[in-house]
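Take a look at the structure set out below.
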Amino acid sequence: MEFVDVVVIGAGQAGLSAAYGLRRAGLQPGTGFVVLDGEAGPGGAWRHRWPTLRVDGAHRISGLPGVPFEPADPTLPAAQVVPAYFDAYERRFDLRVRRPVRVGAVRDAAPDLLVETDSDTWRARALINATGTWTRPFRPRYPDAERFRGRQLHTVEYRGPEEFTGLRLVVVGGGTSAVQLLMEIAPFAAATTWVTRRPPEFHEGPFGDGLGRAAVARVEERVRAGLPPQSVVDVTGLALTSEVRAAQASGVLHRLPMFERITPDGVAWADGTSVPADVILWATGWRAALGHLAPLRLRGVGGGIAVDGTRVRSDPRIHLVGYGPSASTIGANRAGQAAAREVVTLLRSPAAVA
C-alpha cells in the first residue's frame, strides 16, 4: 500500500497540466501527488497518431502550461515531436511520472480512495482522472458486419495511406479525422466513399474564441446534467480550409447518408443502392475511458457523470479532466490547473484536516 495526497491517472495533456498545477501549489511528487500513466513513454495518445500526421496538419496542438509548444520543424510527424515535448516537460518540472502502470479499479475507502493498479495499490485523499479517450475507440454495430469479406479497421489502427493502394474504401464518420484521412487516402485508393449519420457542417473562417466558448458551453451543459459528453464536431463543425474546398470540388468529400447494412462485398442502403468495398474505415470517434471508476458508481440515470467544472458532483474528492468540455488541448490545460486548485483547497480545508 502506497500513501499519497493526490493520484493523477494519465500523463497526456490534461494529466500533465494537473500535475503542473499541483507542483506549483507546493505538493511534492511521490508524497504530495503521483502521476500514473499506462503508456510505455511520454506523449499520451500522441504516441499513436498515424505517421503521416505532421505537426502543421494536426488540429490545434496547444502548449502545456509554463512552456510554449514551439517545434523547430512543424513538418515532422506529430507522433515524434509532441512526445519529445512532453518528455522534456516532465523532466523540467520533475513530475516523476510512473509508467507503464495500468489502473484496474478505484474504490471508496472513506475518507480516502483506493487506486488499484497492476503493480501497487495507492491510498489517496483525492483523485484527478485524466485518462482521455484513445484507449476506448468506438465502432458502432451494424447488421451483417461479420459477413463482410474485406477488412474493417478503426482510426486508431490507421498507419498511412499506402496500405489502401488500389482498394475501394468506405469511410464512416463526420469528424475531422474522417475528413483528413479521406483527403490523404484518396490519391492512393481505387475509389473512396464518405458516409455520415448527419450532413456535415462546414464553417467559414477561423475557429475563434467566440465559437470556442459557445462549443464549450454546450458540452458543459450536458455534463452538468449528467449526460454523456457530446462529440466536439457536433458542436464546432468542420473547418472549410483551402484543402477541404479542393477535396469537395474533386468529389472526394461528397457525402452519402448512413447505409442500412453491410454486405459481404460492401455496404447497402434501404433503397436498394449499394457500394462495393474492400475496406471499411470506422472514423467514428472514441468514448471516455472511465471503466476503472465503475466501482464508485458515479454514473447517473442520464448515462454520464454529472460534473461541475471538473469536480464530480456526487464526490468532491474526484475530478475529471480531459472529459466533456475539457476534451481538447486548450481545454485540458485550463481544466487540469483548475482541478489542481480545487483539490489543493479541498486538502487544506478544515474538514479534510479533521
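All of the numbers you see were taken from the coordinates with simple rules; none came from a lab. The structure displayed is predicted, hence computed values, not measured ones. Cβ sites come from the backbone with ideal geometry, for glycine too, and all protein chains shown count toward neighbours.
Taking chymotrypsin sites (Phe, Trp or Tyr not before Pro) that fall in a DSSP loop and have at most 16 other Cβ atoms within 10 Å as cut points, what is the longest piece of the chain between them?
The answer is 270-354.
Give me the Debye-computed log₁₀ of I(q)/I(0) at q = 0.16, 0.35 Å⁻¹ for region 49-91, equal point scatterers on Cα only, no solvent, two decimals.
Log10 I(q)/I(0), no solvent term: -0.37, -1.37.
Can you give the percent of C-alpha pairs in region 42-161 whose distance is more than 23 Å?
Cα-Cα pairs of region 42-161 separated by over 23 Å account for 52 percent.
Express in nm, to one decimal, how much length is gained between Arg123 and Ala88 on full extension, taking 0.36 nm for each residue of separation and deducting their alpha carbon distance.
Full extension of this stretch gives 9.7 nm more.
Would you mind pulling out the separation of the Cα centroids of region 102-175 and region 9-40, in Å?
22
Stretched out fully, how many nm does the piece from Thr345 to Phe3 gain, at 0.36 nm a residue minus the Cα gap?
The Thr345-Phe3 span can extend by a further 121.2 nm.
Could you list the trypsin sites (Lys or Arg not before Pro) in region 19-65 that lie in coil according to DSSP, counting only those with at most 14 other Cβ atoms within 10 Å of their Cβ?
Arg60
What shape does region 92-178 have by the C-alpha gyration tensor, where a ≥ b ≥ c are the square roots of the eigenvalues, rounded means a/c under 1.5, and otherwise prolate means a/b greater than b/c and oblate the rest?
Prolate shape, in that a/c is at least 1.5 and a/b is the bigger ratio.
Counting Lys and Arg as +1 and Asp and Glu as -1, what is the net charge of the other residues whose Cβ lies under 13 Å from the Cβ of Leu296?
Net local charge, Leu296 excluded: +1.
Dividing the alpha-carbon radius of gyration of the chain by 2.2 N^0.38 Å (N being the number of residues), what value is obtained?
1.05
Return the distance in nm (one decimal) between the two label points of a simple spin-label model at Arg255 and His48, each offset 7 Å from Cα along Cα→Cβ.
Inter-label distance under the simple model: 2.7 nm.
First check a/c for region 264-340, with a ≥ b ≥ c the square roots of the eigenvalues of its C-alpha gyration tensor; if it is under 1.5, answer rounded, and if not, answer prolate when a/b is larger than b/c or oblate otherwise.
Cα axes put region 264-340 in the prolate bin.
Taking R0 as 41 Å, what's the FRET efficiency between Arg149 and Arg107 from their Cβ-Cβ distance, rounded to 0.05?
E between Arg149 and Arg107, to the nearest 0.05, is 0.35.
Around His319, with a cut-off of 12 angstrom between Cβ atoms, what is the net charge of the other residues, counting Lys and Arg +1 and Asp and Glu -1?
Its environment carries a net charge of +1.
Choose one answer from Arg99, Arg123, Arg197: the residue with the largest mean-square fluctuation in a GNM of the chain with alpha-carbon springs under 10 Å.
Comparing Arg99, Arg123, Arg197 in a Gaussian network model of the chain, the most mobile one is Arg197.
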